[in-house]
Amino acid sequence: AAKVQPEHLRRPGEEPRGPVDVAIAGLALENARLRLDDRKAGTRYEVRDWTLETGKLRAGQPFDLDTALTLLAGDAPLARLEIETVVDASQPGHIGVRDIDGNVALPGTEPGTPEVRIGLRATELALDVANRKGRLAGLEARLDDAVITGELQGSSDADGVRVGGPVSLAKASPRKLLAALGGAAPATRDAGVLGRLEAPCPRHRGEGQD
């Protein structure tokens, strides 16, 4: 944050300067690599091909963020993530991430099968760092014509991490979903079998129920 010039940096008789508004045009990271080794557990995770680019950085102001990375467990790829969003860290102890738009690509279910690409959107991810809580609002995950929507809340303490919230699956075709996952639906005599799948979220009291 901007600060008044410290007294020990002023010449004798010099008046203190006012706050300095510092801005940076942006930050860029290309082809970065991060490795995490847990020797006690015998596990290794790695981030590869990590790119990151921000918009203008100014104290107390939100900024645009575009990032992409590949996550591996040992030498096995877990996922490729691409995200565009807006980050707001102007409130101490809180981080807001809004207008989230991106996708995650997962390895195919079998060797040689295409990757599984899931579109991700959310209106806001609110993190209360001091109290170790978070909320993900307006979640939408899309795979072919299957769309999961909902809102998640999470917290972390000495007992572990807890995540929950209402989610629902809109009407989708199980046959298309299996194909998108690299599989095939079993042959059936009735073409209507496995036609549609739906899992609405139960409504909560206070949302229109008596």
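The values are calculated or read from the model by the stated rules, or taken from the named source; none is laboratory data. Everything quoted here is computed from the prediction, not taken from an experiment. Every residue, glycine among them, receives a Cβ derived from its backbone with ideal geometry; neighbour counts consider all protein chains shown. Keep in mind that these areas ignore ligands, DNA and RNA; they rest on the heavy atoms of the full protein, side chains included. Shrake-Rupley method; radii C 1.70, N 1.55, O 1.52, S 1.80 Å.
On the accessible surface of region 110-159, probed at 1.4 Å, how many percent belong to carbon and sulfur atoms? For region 110-159, the apolar C and S fraction of the accessible surface comes to 53 percent.
Percent of C-alpha pairs per 5 Å bin in region 80-127, short distances first: 6, 20, 20, 16, 13, 10, 8, 5, 2, 1.
In order along region 75-83, phi translates into HN-Hα couplings of 9, 8, x, 9, 6, 10, 10, 10, 9 Hz, rounded to whole numbers, per the Karplus curve 6.51 cos²θ - 1.76 cosθ + 1.60 with θ = phi - 60° and x for Gly and Pro.
First measure r as the distance between the Cβ atoms of L52 and T109, then evaluate 1/(1 + (r/R0)^6) with R0 = 25 Å and state the FRET efficiency to the nearest 0.05.
Values: r = 30 Å, r/R0 = 1.20.
Using R0 = 25 Å, I get an efficiency of 0.25.
Using the Karplus relation 6.51 cos²θ - 1.76 cosθ + 1.60 with θ = phi - 60°, the per-residue 3J(HN,Hα) values for region 93-101 come to x, 10, 10, x, 10, 10, 6, 7, 9 Hz, with x marking Gly and Pro. Semi-axes of the equivalent ellipsoid of region 43-135 are 29, 15, 13 Å, computed as sqrt(5λ) over the eigenvalues of the C-alpha gyration tensor in descending order. If I model a spin label as a point 7 Å beyond the Cα along the Cα-Cβ vector, how far apart are those points for V167 and T123 in nm? Each label point is offset 7 Å from its Cα along the Cβ direction, giving 1.9 nm.
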